[in-house]
């Protein structure tokens, strides 16, 4: 008789599935934003994803979901963080001046695993090894700098990146915001199932930004492959991945998920390089490797007690 799988392992597997889907997100975001426009893409994919999750919850529970009935702290804190992250993430990669810049900005965005671990020390009971934590933080910052600066000095890099300053700011912001969201979901969510509401609000706000900025789409130029990619992104990346990650962070093995998330920058960089047809520069590769090492040391330096 097969042994039953524990709920913790099931939720951990959900978190792992989210990481696999996220590895495809950056390249897909760039390509689909080129086709739809950044705000239109984020708006439509979020609305489609929200409808998908709402229908899934309805079929699973056999009753109409009430995503707005979650704890107020969860709705306010996690709802705002989720919306800001989704819009800045999509717009940041979409507005990068080139596909080469997209790979460089990957290092900036993937500071979030290190920040997630650091923020957890303020929100949860934990044992901290200050030496490992400090060295890990330094390596992570150096990794971001390596991907951003390369072999240029700071003022040369700022001149070269002048056109990408806003994407840089937006993606640095998403690193902080998603780290905060991951920890807040574990602290406030309980049994809440409000992801459809978060996606709907994100979608409406992003479409409002598309209208306000005069963004237009050449609908006739969209191919079948573009629509298939859009469907994949809407269902699996926009909807399923954050919902799976939230379940993993709530009830899964957060330590194991933290370790596995360390490898995400490298897998995402490799996939983005292949899909975008852009070689990985040595400094970008070094930056992501340092991010992985830094996050690993931070993970070693923090042990949750709960």
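Mind checking Rg over Rh on segment 204-251, alpha carbons, Kirkwood formula for Rh? Let's see the in-between values first.
Numbers: Rg = 15.0 Å, Rh = 13.1 Å.
Using only Cα positions, Rg/Rh for segment 204-251 is 1.14.
Apply the Kirkwood formula to segment 1-74: the hydrodynamic radius equals the inverse of the mean of 1/r over all pairs of different alpha-carbon atoms; give it in Å with one decimal.
15.6
Subtracting the Cα-Cα distance from 0.36 nm times the residue separation, let me have the gained length for residue 6 to residue 64 in nm, one decimal. Write out the running numbers ahead of the final one.
On the way: separation 58, 0.36 × 58 = 20.88 nm, distance 2.78 nm.
Result for the pair: 18.1 nm of gain on full extension.
Starting from the Cα coordinates of the chain, work out the convex hull volume and express it per residue in Å³. If you can, show how the numbers build up before the last one.
Details: hull volume 46.7 nm³, N = 306.
Per-residue hull volume (Cα only) is 152 Å³.
Sorted from fewest to most neighbouring beta carbons within 10 Å, what does the list 99, 63 look like? Display every interim value, and only then the final one.
Numbers: 99 18, 63 8.
Ascending Cβ contact count within 10 Å gives the list 63, 99.
How far apart, in nm, are two points set 7 Å out from the Cα along the Cα-to-Cβ line at residue 213 and at residue 282?
With each label placed 7 Å out from Cα toward Cβ, I get 3.6 nm.
What does the extension gain come out to for residue 271 and residue 56, with contour length at 0.36 nm per residue minus their alpha carbon separation?
Details: separation 215, 0.36 × 215 = 77.40 nm, distance 2.89 nm.
Difference between extended and current length: 74.5 nm.
Please find, in a Gaussian network model of the chain (springs between Cα atoms separated by less than 10 Å), the residue of 45, 216, 225 whose mean-square fluctuation is greatest.
225
Which whole number in µm²/s is D for segment 169-226 by Stokes-Einstein, with the Kirkwood Rh taken over Cα pairs at 4 °C and 1.567 mPa s? Intermediate values should be presented prior to the final figure.
Numbers: Rh = 14.6 Å.
Once the numbers are plugged in, D ends up at 89 µm²/s.
Could you give the length gained on full extension between residue 76 and residue 134, defined as 0.36 nm per residue of separation minus the Cα-Cα distance, in nm? Write out the running numbers ahead of the final one.
Numbers: separation 58, 0.36 × 58 = 20.88 nm, distance 3.19 nm.
Extending this stretch completely gives an extra 17.7 nm.
So for segment 7-304, averaging the separation of alpha carbon pairs under 8 Å that are six or more residues apart and normalising by length, what relative contact order in percent results? Don't jump to the answer; show the numbers that get you there.
Working: 470 pairs, mean separation 133.6, N = 298.
In percent, rounded to a whole number, it is 45.
Coordinate-derived values only; no laboratory data. These figures come from a predicted structure and were not determined experimentally. Heads up, the Cβs are rebuilt from the backbone with ideal geometry, glycines too, and the neighbour counts pull from every protein chain shown.
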